[in-house]
Amino acid sequence: MKKILTFFACLAGICSLQAQPAGGFGGFQMPKIDVHCSEKFADIDYAGDGQVYHQLDVYLPRMQKDVYPVVIHIYGSAWYSNNSKGMADLGTIVNALLDAGYAVVTPNHRSSADAKFPAQIEDIKGVIRWVRANAPMYRLDSSFVATSGFSSGGHLASLAATSGGVKELEGTVGGNLGYSSRVNAACDWSGPVDLNYMSCGGDVDTWNHAPEEAVMGFPFKGNEERFKALDATTYVDPSDPPVVIFHGTADNVVPPCQAPHFYELLDQAGIRTELYMVDGGGHGFNMYTEYTLRSMTNFLDKVRFEKGGSFVTGTNPVITGQFSADPSAHVFGGRLYLYPSHDIPTVKYQGDQPWFCMSDYHVFSTDDMTHWTDHGNIVDQKDVPWGNPTANSMWAPDCVEKDGKYYFYFPNAPARGRGFGFGIGVAVSDTPYGPFTIQENTVQGTGGIDPCAFKDDDGTVYLIWSGMGLRGGKLAANMTEIEGQGVRLDETFPKGQTEGPFLFKRNGKYYLTYPWVRLEGGTETLCYAMSDHPLGPYEWKGVFMEESPVGCWTNHHSFVEFKGEWYLFYHHNDFSPDFDKNRSVRVDKVSFREDGTIIPVQPTWRGVGYLKASDELHIDRYSECVGAKIDYLDEYNYFAGWKTRFTQPYDRVRFNDVDFGTKAPSKIVFRARSEKGAAIRLTVGQEGKGIEVPACQDWLVLEVPTRMKVTGMQDISVELVSGSLEVDWISFR
Ligand code: FUB
């Protein structure tokens, strides 16, 4: 589903480093490291002075993208080394960043023998400006440049983050002075960030300050004030970018107290900060687990997506570029708002199986089911007063409007001493998309998961949730407690209710819908019951969506009426075929029988979006497919989407409801690849056209003139006549 033709081969050999010394500073390094990159640009002179200490390497990820967000990762050496970029945690931090789609820049910098502070940070700021100035040449995305570093590299990464705009530390290394040296985020791995706090605030400083004395060029004792220029903590202010900190509790090189000390200062300044103290972690040793590395990349991803953006998808899955699940859709002020939960890649941690991992919520909206706005992060686990800030348990939410205010209900794991299991919280806003203020306590009278907030025609709001069965009650006027006792709703239903209720009303009837495992050992269907009253009694009706065809264990959904059509939002694990706890929201139309019962919904790829003929039509999201195969475009990046493979004559796909408007197209444009060439027949409505596709090893965007007289809404189909080919998208201009 790529927009621009890009192609580069993954030359595995290019990125395998030759002999590395075993046992670098910061832990054992494999003698030969397979760096997970597609391309490496080595020994670039970022200062233009021919010095080895001013060289850097650039690594691009294996996943295919037009441009990549950047992390500058700085080696640790106690500032003693001026040429360790080849040992900059390549097999651990750098590979984790590359696997997550970040380009990594590993610079050298001057050592304490080459020059005294601030030369080292001036070099790093020179590197940051160089990245911005040279971004297009290396396919770097200059809108996201982060620093990361281990030990003294962690110091420089943190200092770069906190000292944005500090003239005394800017320097002129490499020029590019018109470019900013501020960064968008920083990762501090075991860094000494406050050299005046190495004795952890003790009255007497007993620390041996040899490395920092070497880099400053004078003794610590008697010059404590002057040393503060070196401290990342000195420059902390509210304009700093988000920082994630990792430190081992058994670090005997840089005291562990540096990390919580830095965290406190950043937190007090209102900076988004996460702290990971690794139990038993040393100075590099035992620090690089799947858990810590994934926490780093998740943190960077969250910072990047925090503010949201807009995107276009008229097919399924609806939300691309990030995982989403448990969608609750509502129409507020004529616009459709979607409140899903937000899966992030999970990890194996201390032998645990990977599972759900969800630490914040985004809200999305649309006017046409095709053009979407991501309003960004609205609630984060670290901001929930009663919640555990690292539990990653922000499950299915919902939102309701009452008297001009929007109430966002969400489940979460409570902090120690604030309960057990799950609690249900509420955040309040003046708009459907925030900012939301999270309330101090959980909603009284509830306990469990997956709240659904339903407002009846008379303005009464009910909260339904899943906790030892389906339960519900009337919300009090303050919207933060249930009036009286909640009631059990599903006592007469067949066994197998699991989670996630959604309540809606249509033609005076109430529909209580929920996931149901009908077979022992099976996965979730979606089923429902109907009643004349919101709190029952309900009569069970049956299944309206079968078990997932791709084996996703969960399903979770909502019904919404929008512009005269009824829609069912639900989820599957489309962008994560091997792990069903990373899910993606889908939507299909739903209709009802005369008696109000629901006609079962078949999941489709085509979805419900309104697509114009001039859009890139991803026919792999077909309405009908005969013989053709659908595959991922990029095995390293499932979010890149799919392609259609035609291998046998008569393989065919149909894609419905394309709007050709009032003017017939004059050319057909399509992105395809064919090893030996192919002939296809393209049909639009009643008109057909034969097209010859030349042999091309790489993806090509081809243009073919056409005189097809087609206007208005049409279905299109592509059929293979001979040869074989793969198609990414097709468009009519
Ligand atoms: O997303 C986590 C949980 O999985 C939800 O709360 C359930 O409904 C199920 O989808």
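The values are calculated or read from the model by the stated rules, or taken from the named source; none is laboratory data. The shown structure was predicted, so the numbers you read here are calculated from the model rather than taken from an experiment. Counting neighbours? That spans all protein chains shown, and the Cβs are built from the backbone with ideal geometry, glycine included. When the accessible area is computed, the model is the full protein with side chains, heavy atoms only, and any ligands, DNA or RNA have been set aside. Shrake-Rupley method; radii C 1.70, N 1.55, O 1.52, S 1.80 Å.
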Nonlocal amide H pairs with S341, under 5 Å, H built at 1.01 Å: A325, D326
DSSP-assigned coil residues among chymotrypsin sites (Phe, Trp or Tyr not before Pro) in the stretch 67-133, each with at most 16 further Cβ atoms within 10 Å: Y80
Spatially proximal aspartates and glutamates relative to K307 (Cα-Cα < 12 Å; intrachain offsets below 8 disregarded): D374
For the stretch 113-120, 3J(HN,Hα) per residue [Karplus equation, 6.51 cos²θ - 1.76 cosθ + 1.60, θ = phi - 60°, Hz, x = Gly/Pro]: 7, 6, 6, 8, 4, x, 3, 5
Cα gyration tensor, the chain - rounded (a/c under 1.5), prolate or oblate: oblate
Relative contact order of the stretch 65-164, pairs being alpha-carbon contacts under 8 Å that are 6 or more residues apart, as %: 42 percent
Surface share of carbon and sulfur [accessible, 1.4 angstrom probe, percent] for the stretch 628-691: 42 percent
Estimated distance in nm for a label pair at D237 and D715, the labels positioned 7 Å out from Cα along Cα-to-Cβ: 6.4 nm
Residue among P435, G712, I449 farthest towards the positive dipole end of the chain, charges placed on Cβ: G712
Sulfur and carbon atoms: percent of accessible area, the stretch 219-285 [1.4 Å]: 54 percent
Calculated from backbone phi, Karplus (6.51, -1.76, 1.60) coupling profile of the stretch 160-167 in Hz, x at Gly/Pro: 4, 6, 7, 9, x, x, 7, 4
For the chain: accessible area per residue (Å², 1.4 Å): 39 Å²
Furthest towards positive pole of dipole, G248, Y567, G222, structure part the chain, Cβ charges: Y567
Trypsin sites (Lys or Arg not before Pro) lying in DSSP loop within the stretch 368-431, provided at most 16 other Cβ fall within 10 Å: R416, R418
Distance between modelled label sites at N286 and F218, nm, 7 Å Cα→Cβ extension: 4.1 nm
Lys, Arg +1 and Asp, Glu -1 on Cβ, resulting dipole of the chain about Cα centre, debye, nearest 20: 1740 debye
DSSP-loop trypsin sites (Lys or Arg not before Pro) across the stretch 627-730, with at most 15 other Cβ within 10 angstrom: K663, K676, R707, K709
Mean separation of Cα contacts under 8 Å, 6 or more apart, over the residue count of the chain: relative contact order %: 8 percent
Amide H contacts under 5 Å for I438, placed H, 5+ residues apart: V428
